[in-house]
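Visitor: So that we are looking at the same thing, I have put the structure below in structure tokens.
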Amino acid sequence: MLKDPFLNEPFDPSLMWFIGTFDIYDREQGLGMELAQYDPNKKSDRKKLIINYALNLKYLSYRHKHALIESLKNKLKDEKYNFDKLFEIDENETGSWPRAEWYALDDPRGFLMDIYILAQAVWKEDLQKASLEDPSTW
């Protein structure tokens, strides 16, 4: 069974692994200022955000990356999946986005589709390595 890289429990390939990298709660002065210069609705900025942050998950193994991409692929196939919900922050939660645009992205599904497409290149070797294995043995 594939384990969470930080906890001794099964790995949950939630899309928040990608989105959570943009949460600046209690990091407004560092990460918040860094991310504030990018507009997630602008294609060129979005690509930088995805490559430099959403896919910069060095603590995940090739198996974790494969599981995440499979989960994302399945959700992208589901026309009823609510990608908007991923970017909602409940007032009872501790979390915040770096810019107002994050609270109402023009195209949340498109943002995640861009993650999927870019991951095919950025994580190419890891995904190929994982594809040679049987995930049921993890």
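Visitor: Could you grab the pairs with beta carbons closer than 7 Å, sequence gap of 6+ or different chains, first residue in region 1-21 and touching a residue at least 24 places away in the same chain (Cβ under 8 Å) and closer than 16 Å to residue 69 by Cα, second one assigned to a loop (DSSP other than H, G, I, E, B) and aliphatic (A, V, I, L, M)?
Guide: Correct list of pairs: 11/2; 17/57.
Visitor: Kindly provide the set of residues from region 76-100 that are modelled with pLDDT under 75, surrounded by 16 or more Cβ atoms within 10 Å (Cβ to Cβ) and not small (Gly, Ala, Ser), ordered by number.
Guide: 97, 98, 99
Visitor: Here is a follow-up. When the residues of region 43-75 are filtered to those that are among the aromatic types (Phe, Trp, Tyr) and assigned to a helix (DSSP H, G or I), which remaining residue is surrounded by the fewest Cβ atoms within 10 Å (Cβ to Cβ)?
Guide: Filtering region 43-75 for residues that are among the aromatic types (Phe, Trp, Tyr) and assigned to a helix (DSSP H, G or I), the one surrounded by the fewest Cβ atoms within 10 Å (Cβ to Cβ) comes out as 62.
Visitor: Within the set of pairs 6+ apart or on separate chains, which have a first residue in region 125-138 that is at negative phi and surrounded by 12 or more Cβ atoms within 10 Å (Cβ to Cβ), a second that is of a type in the set (Ser, Thr, Tyr) and at pLDDT 95 or above, and C-beta atoms under 7 Å apart?
Guide: Within 7 Å, the pairs are 126/62; 129/62; 130/62.
Visitor: Something else about it: Which pairs have Cβ atoms under 9 Å, sit 6 or more apart or on different chains, and link a residue in region 40-63 that is on the phi < 0 side of the Ramachandran plot to one that is basic (Lys, Arg) and outside any helix (DSSP H, G or I)?
Guide: Qualifying pairs under 9 Å: 40/99.
The values are calculated or read from the model by the stated rules, or taken from the named source; none is laboratory data. Here the structure is a predicted model, which means the values were calculated and not measured. Here the Cβ is made from the backbone with ideal geometry for all residues, glycine too, and neighbour counts use every protein chain on show.
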